[in-house]
């Protein structure tokens, strides 16, 4: 008798679970940046830093964490691209500007390979969607890196908001 009640309970739970899954769509739409849009973001970030006489590296990452565009200005140090990529990945992973991650930087999470929790990385968000992230490195301060990254996003935000 106990076995039968147990089987009946399991059958009821599995029916409930299938019903819940049945309410989910079979597929979902995911917004992605076009290559041209990612390039506009990167070029606008470089342009903003150039106005200040600063040469940088910039990486625009898609929402899956893959580099979509990477630009290094003429005399920017080689390391700027790696740092920019890791800032973008941290911003994407936590969905916040990397300037807000300082408290986590000295934690086990902050020491994971591939994450740089210094200012200069911003998530790219518009119309309730996460499109990816941008990371900038090479300016004399993280604030300037972040300002240049913000200029990149600003160059396309209206288009992203409109869809």
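All of the numbers you see were taken from the coordinates with simple rules; none came from a lab. Worth saying up front: this structure is predicted, and the values here are computed from it rather than measured. We place every Cβ from the backbone using ideal geometry, glycine too, and count neighbours over all the protein chains shown.
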Practice task
Specify, per residue and in Å³, the volume enclosed by the convex hull of the alpha carbon atoms belonging to region 19-80.
Solution key: 105
Problem - C-alpha long axis of helix 2-22 to longest principal axis of the chain, angle in ° - result: 40
Practice task
Kindly list the residues of region 58-102 that lie in the label zone of residue 32, defined by a backbone N under 14 Å from the point 7 Å along the Cα-to-C-beta vector.
Solution key: 61-69
Handout entry: Within the chain, helix-based [θ] at 222 nm, where runs of 4 or more DSSP H residues each add -39,500 (n - 2.57), nearest 500
Key = -15000 deg cm²/dmol
Handout entry: Along each principal axis, Cα extent of region 45-117, largest first, Å
Key = 35, 24, 20
Exercise for the section: For region 84-146, report the translational diffusion coefficient in µm²/s to the nearest whole number, using Stokes-Einstein at 20 °C, 1.002 mPa s, and a Kirkwood Rh over Cα pairs. Expected result: 190
Completion exercise
The relative contact order of the chain, taking Cα pairs under 8 Å that sit 6 or more residues apart, comes to a percentage of 24
Completion exercise
Note on region 55-94: the mean projected area of its alpha-carbon convex hull, in nm², is 2.4
Handout entry: region 35-162, Rg to Rh (Cα coordinates; Rh as Kirkwood inverse mean 1/r)
Key = 0.95
Fill in the blank from the handout: Between the Cα axis of helix 79-94 and the main Cα principal axis of the chain, the angle (0 to 90°, nearest 10) is 30
Completion exercise
The helix 35-51 Cα axis meets the longest alpha-carbon principal axis of the chain at an angle in degrees, between 0 and 90 and rounded to 10, of 40
Exercise for the section: Rank by packing, highest mean first: peptides 98-104, 132-138, with packing defined as the count of other Cβ atoms within 10 Å averaged across residues. Expected result: 132-138, 98-104
